[in-house]
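The values are calculated or read from the model by the stated rules, or taken from the named source; none is laboratory data. No experiment lies behind these values; they were computed from the predicted model shown. With ideal geometry, Cβ positions are generated from the backbone for all residues, glycine too; neighbour counts draw on all protein chains shown.
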Amino acid sequence: MGGLGHGHLYVWICVAPPLRGTDVSQLASAFIVENITWGFPSAFGVFLDAYLKDATYMSQPNAQMLLPLIGTLTSGIMYCSGTLLFIPLVN
């Protein structure tokens, strides 16, 4: 694996070839899907701050209790739907 040359040890490493064409488009597509899927539930706290300061949303009954549930429920629904969608997608 290594070679000796002029008092130095050289090590050759096998590296996979760079991504090209279809690989890059699949990687870009996966990046976009992941950002859309997890971006909203993860960033809802930023929106929540604005919603809690807006009189339109705060005038709704139980707004202090219901608005914070949106981000949590969105993540929970995605996790739970994964188990329901797994079987039809595999078959």
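Numerical summary
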quantity: Any hit, segment 50-70, residues being among the β-branched types (V, I, T), surrounded by 11 or more Cβ atoms within 10 Å (Cβ to Cβ) and out of contact with any Phe, Trp or Tyr (no Cβ under 9 Å at 6 or more places or on another chain); calculated: no
quantity: Checking I13 against (1) in a helix (DSSP H, G or I); (2) modelled with pLDDT under 85, the condition it does not meet; calculated: (1)
quantity: Pairs, first part of a helix (DSSP H, G or I) in segment 19-44, second among the hydrophobic types (A, V, I, L, M, F, W, C) and surrounded by 11 or more Cβ atoms within 10 Å (Cβ to Cβ), C-beta under 8 Å, six or more apart; calculated: L27/L19; T37/M78; P41/M78; F44/I70
quantity: Pair list, Cβ < 6 Å and 6+ apart or interchain, from segment 75-88 residues that are surrounded by 10 or more Cβ atoms within 10 Å (Cβ to Cβ) to residues that are assigned to a helix (DSSP H, G or I); calculated: S75/P41
quantity: Boolean, Y51 is part of a helix (DSSP H, G or I), over 24 Å from E34 (Cα atoms) and modelled with pLDDT under 85; calculated: yes
